[in-house]
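Asker: What follows is a structure written as structure tokens; I'll ask about it next.
A short reminder: the numbers here are calculations on the coordinates, not readings from a lab. Quick caveat: nothing in here was measured; it's all calculated off a predicted structure. With ideal geometry, Cβ positions are generated from the backbone for all residues, glycine too; neighbour counts draw on all protein chains shown.
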Amino acid sequence: MRRQPFEVDGVTVKLLRDTESVPNVPVPETDCMAHVALHDYPVEQRTAEDIEDNCRRFGFLREIDPACFTAPDLSTVRVVLELGHPREIPRELRIAYMFDDSSSVVPVQIVKVWNCAHSYDARGRYVRLFHA
């Protein structure tokens, strides 16, 4: 932090502390957590990376229920999202496939919503809802 700003590949870089803000850059507010069920989730999209990419549209993925990958019934994916307001969660998720211009429509069910503060312990560490 003492040798700032510094230059990398012709670009000036300045690291900021958590308490510092960047002008003209909006910071998304995350006020709540939501346990969400994604029904009839397509098998070909059932990887942690794809689930995160598909949920990124309306919240930050905090965790995926590990049972979603091992259960014989692979129809529902359960996730915990951190987001600004439950209204940001759509009723359905449309997953488009590039290879054949088709898409899947995944119904989204909000199971439970709670304040973000209830998901972190006294040290600020995230407390998992799903246990492996």
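Asker: Please get the size of the charge dipole for the range 27-119, origin at its Cα centre, with Cβ charges of +1 on Lys and Arg and -1 on Asp and Glu, quoted in debye to the nearest 20.
Answerer: The dipole of the range 27-119 has a size of about 340 debye.
Asker: Per the helix-only calculation at 222 nm, which mean residue ellipticity applies to the chain, given -39500 (n - 2.57) for every DSSP H run of n ≥ 4 and division by its residues, nearest 500 deg cm²/dmol? Don't skip to the end; give the middle numbers.
Answerer: On the way: 2 runs with 12 residues, N = 132.
The per-residue figure over the chain is -2000 deg cm²/dmol.
Asker: Okay, moving on. Placing +1 on the Cβ of each Lys and Arg and -1 on the Cβ of each Asp and Glu in the chain, which of Leu93, Val43, Val127 has its Cα farthest towards the positive end of the resulting dipole?
Answerer: Final value for the positive-end residue is Val127.
Asker: Next question, about the same structure. Sticking with the crude label model, points 7 Å out along Cα→Cβ, report the distance from Val13 to Arg125 in nm, one decimal please.
Answerer: 2.9
Asker: Peptides 50-57, 75-82, 114-121, 98-105: what's the order by average Cβ count within 10 Å, highest mean first?
Answerer: 75-82, 50-57, 114-121, 98-105
Asker: So, one more: Can you put Arg3, Arg46 in order, fewest other beta carbons within 10 Å first? Walk me through the numbers on the way to the answer.
Answerer: Values: Arg3 6, Arg46 14.
With the fewest neighbours first, Arg3, Arg46 line up as Arg3, Arg46.
Asker: Still on this structure, I have one more. Which three extents, in angstrom, do the Cα atoms of the chain have along their principal axes, listed largest first?
Answerer: In descending order, the Cα extents are 55, 42, 29 Å.
Asker: Turning to a different aspect of this structure: If you stretched the chain out fully between Arg3 and Arg46, how much longer would it get, using 0.36 nm times the residue separation minus the C-alpha to C-alpha distance?
Answerer: Gain on extension, Arg3 to Arg46, equals 11.0 nm.
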